[in-house]
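Trainee: Here it is, the structure in full.
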């Protein structure tokens, strides 16, 4: 092991300590007649062996969806399970680093964002109708105004916009 602790190896390789301990203490797997064996039993993943190069090639070109690759190798004759495939793909996946988001700041009164969404609604007669939610949020303060309107036409949207501006004026 060269003086590196089990915990340090687990941290470096992203595996549980028990997994690392088992890998370090277990004798090397032996390959007999093309079937990978360890302690006289088949090792998980042996069915995937003929397809590994294909999986690696697909991942190099950006196909990272295990279910898609699973369907593709199934069509080629793979009889193993998807869990084995996922375990093989996991260490080959590119490391995604968290990207910092720069918050877009504006001065008061400079910007607002408007959105419109449809919602199902049962009217008093029990008929299913669509109502629209007009939403407006001020960029600086994040103050929010919501109003449900009957239609997403210019008249109703402009009326909701006027109500929103009056609301922001009276609450600032």
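Trainee: Restricting to region 34-55, name every residue that is assigned to a helix (DSSP H, G or I) and either at pLDDT below 60 or under 25 Å from residue 22 (Cβ atoms) (or both).
Mentor: 46, 47, 48, 49, 52, 55
Trainee: Okay, next question. Does region 61-79 hold any residues that are in contact with a helix residue (DSSP H, G or I) (Cβ under 6 Å, 6 or more places away or on another chain) and part of a helix (DSSP H, G or I), and which are they?
Mentor: Correct list: 66, 69, 70, 73.
Trainee: Still on this structure, please answer the following. Go through the residues of region 114-126 one by one and say whether even a single one is in contact with a strand residue (DSSP E or B) (Cβ under 9 Å, 6 or more places away or on another chain), assigned to a loop (DSSP other than H, G, I, E, B) and loosely packed, with under 14 Cβ neighbours inside 10 Å.
Mentor: Of region 114-126, the ones in contact with a strand residue (DSSP E or B) (Cβ under 9 Å, 6 or more places away or on another chain) are 114-123.
Next, from what is left, pick out any that are assigned to a loop (DSSP other than H, G, I, E, B): 123.
Of the ones still in play, those that are also loosely packed, with under 14 Cβ neighbours inside 10 Å are 123.
Checking region 114-126: at least one residue is in contact with a strand residue (DSSP E or B) (Cβ under 9 Å, 6 or more places away or on another chain), assigned to a loop (DSSP other than H, G, I, E, B) and loosely packed, with under 14 Cβ neighbours inside 10 Å.
Trainee: Pick from 151, 135, 100: which is outside any strand (DSSP E or B) and touching a residue at least 12 places away in the same chain (Cβ under 8 Å)?
Mentor: 151
Trainee: All but one of (1) closer than 30 Å to residue 14 by Cα; (2) surrounded by fewer than 14 Cβ atoms within 10 Å (Cβ to Cβ) hold for residue 82; state the number of the condition that does not hold.
Mentor: Unmet for residue 82, out of (1) closer than 30 Å to residue 14 by Cα; (2) surrounded by fewer than 14 Cβ atoms within 10 Å (Cβ to Cβ): (2).
Trainee: Against the definition (exposed (fewer than 10 other Cβ atoms within 10 Å of the Cβ) and at pLDDT below 95), how does residue 109 come out, yes or no?
Mentor: No; evaluated as a whole, the condition is false for this residue.
Trainee: Would you confirm whether or not region 80-91 contains a residue that is over 30 Å from residue 58 (Cβ atoms), touching a helix residue (DSSP H, G or I) at 6+ places or on another chain (Cβ under 9 Å) and either modelled with pLDDT of 90 or more or assigned to a helix (DSSP H, G or I) (or both)?
Mentor: Looking for residues that are over 30 Å from residue 58 (Cβ atoms), touching a helix residue (DSSP H, G or I) at 6+ places or on another chain (Cβ under 9 Å) and either modelled with pLDDT of 90 or more or assigned to a helix (DSSP H, G or I) (or both), one finds none in region 80-91, hence no.
Trainee: Identify, from the list 158, 144, 165, the residue that is surrounded by fewer than 16 Cβ atoms within 10 Å (Cβ to Cβ) and within 29 Å of the chain's Cα centre (by Cα).
Mentor: The unique qualifying residue is 144.
Trainee: From (1) part of a helix (DSSP H, G or I); (2) modelled with pLDDT under 80, pick out the condition that doesn't hold for residue 7.
Mentor: Single failed check for residue 7: (2).
The values are calculated or read from the model by the stated rules, or taken from the named source; none is laboratory data. Remember, predicted model here, so these are calculated numbers, not experimental data. Neighbour counts are summed over all protein chains in view; Cβ atoms, including those assigned to glycine, are modelled from backbone coordinates with ideal geometry.
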